[in-house]
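Below is one structure, written out as structure tokens, with a few remarks after it.
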Amino acid sequence: MITADSLDPLELALDRLAQGDAAALELVYRLSASRLLAVCLRILGDRGDAEDALHDTYLRLVAKANGYRHGRGSAMGWLVTMARNIAIDRLRSRASVGLAAPVDTAEALPDPEPTAETRLLTAESDTRLDGCLSTLEDVQQIAIRSAFFTGLSYAQLAQQRGVPLGTMKSWVRRGLAKLKVCLEK
Amino acid sequence: MTEREILAAELALRLLSNEEQDQARAELARDPELIELVAEWEALLAPLANELDAVLPDPKTWQRITESLARPRAENDNDREAADQLRVQLRRSRWGGAAAAAAALVLGYLGAPLLQRGTGPAIDNPAAQMLMASLPVGGDQGPRLALTYLPQSRDLVVEASNVPGDGVHDHELWLVVPDGSPVSMGVITSGTQRRVALPAELAQRIDTGLGVVLTREPLGGAPKGGTAGPVVASGKFSTI
């Protein structure tokens, strides 16, 4: 049986939102917005755009409040995915109307070491994922991380890195296969 | 890893070109298992976001969200009945009066009791009650403190934004038990979110009118054994 104690606060707040408790949205926001904004900002590179994506994320959350499924990843992970997809949609629609996307190249990678404070706040510090990523070849790990943090497509990643499309695909696919095996151990 | 699993991971990471994405969408429509695989990959990879430093949003973004929700259906709004019900509740409960709430925020300057929310909806499990306090220190644009108490862990999440530093003062947060002395929760750092574990005796009393006070202190906080500095803002917790 799931008790209140066994749930993380964000999960509990999402449950309340899904049950129609409107006040829980503010709690969800307080517990997640700063992390989701970091994700949006990383992808979009522009503060105003990122705040807009954050706004859209919580509107979508209200529409899909009962979409979170216990047991498949954390509540924060579910929200991160939602925010990331919204930010990527925004990035691609911006590109399609001819605005240059602010793509940094080598700088696209996150800081290698999260700060102590971030660690402290990390409800789901996933050392297993970190550990498995570190078993990949550097080019594979960098390609997967870049894909996650920038939201760029294979073709864009290949261009950014100055390698043929096939090479980028091969790095990512081999890296993902290895990652999967490691995570399933 | 099968081709399908690779495709699922690529969809989760959004690696495909628009054309490939369109093709995959058709495949997703007739393959619920693929949807599951994509969701699994999304859940596996999402913790990467923990590597990013949190960025506190502009307070206006929350305001915009509540305004958008209080409005009747937007044109891009294709949500379901559940969302409509939530919307109605939101309008009825607190956010319909967004202007009034904003006025209360602005008025709550300098020691006046700030933003005391109405009692939230009844919660079945009292142990699950969470509490919040907000201390806007200087109106809409000004410094802002948001406190959220998480009963499971007895942690207080303290978020501070736009708190200016003058180089010679710090702001210190205190919890005040009625008829008791204030207990310091430490100096506030603007632009950060941190968790403070509440001592058990304070946690027990948090829902019985515990006050929150922000004071201006010398750098590093109030001297031990000395008196606290001037009160910059105060507020109370309320159940949400």
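Every read-out reported here was derived from the displayed coordinates using simple, explicitly stated rules and does not represent laboratory data. What you see is a predicted model; the values in this text were computed from it and never measured. Note that we place each Cβ from the backbone using ideal geometry, even for glycine, and neighbour counts take in every protein chain shown.
Can you tell me the FRET efficiency between residue A:19 and residue A:163 if r is taken as the Cβ-Cβ distance and R0 is 51 Å, rounded to the nearest 0.05?
According to the calculation, E is roughly 0.55.
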(request) Work out, step by step, the length gained on full extension between residue A:94 and residue A:64: first 0.36 nm times the residue separation, then minus their alpha carbon distance; give nm to one decimal. (result) 8.3 nm
(message) For a test of the definition: using alpha carbon positions, the gyration tensor, and the 1.5 limit on a/c, classify region A:1-101 as rounded, prolate or oblate.
(response) prolate
(message) Quick check on region A:126-185: take the gyration tensor over C-alpha atoms, sort the square-rooted eigenvalues as a ≥ b ≥ c, and tell me if it's rounded (a/c under 1.5), prolate or oblate.
(response) prolate
(message) Could you tell me which residue out of A:155, A:134, A:144 lies farthest along the dipole of region A:126-185 toward its positive end? Charges go on the beta carbon: Lys and Arg +1, Asp and Glu -1, centred on the Cα centre.
(response) A:155
(request) Place a +1 charge on the Cβ of each Lys and Arg in region A:126-185 and a -1 charge on the Cβ of each Asp and Glu, then give the dipole magnitude about the Cα centre in debye, rounded to the nearest 20. (result) 180 debye
(request) Express in whole angstrom the spacing between the alpha-carbon centres of region A:13-60 and region A:163-185. (result) 31 Å
(request) Specify whether the C-alpha gyration tensor of region B:3-51 places it in the rounded, prolate or oblate class, a ≥ b ≥ c being the square roots of the eigenvalues: rounded for a/c under 1.5, otherwise prolate if a/b is larger than b/c and oblate if not. (result) oblate
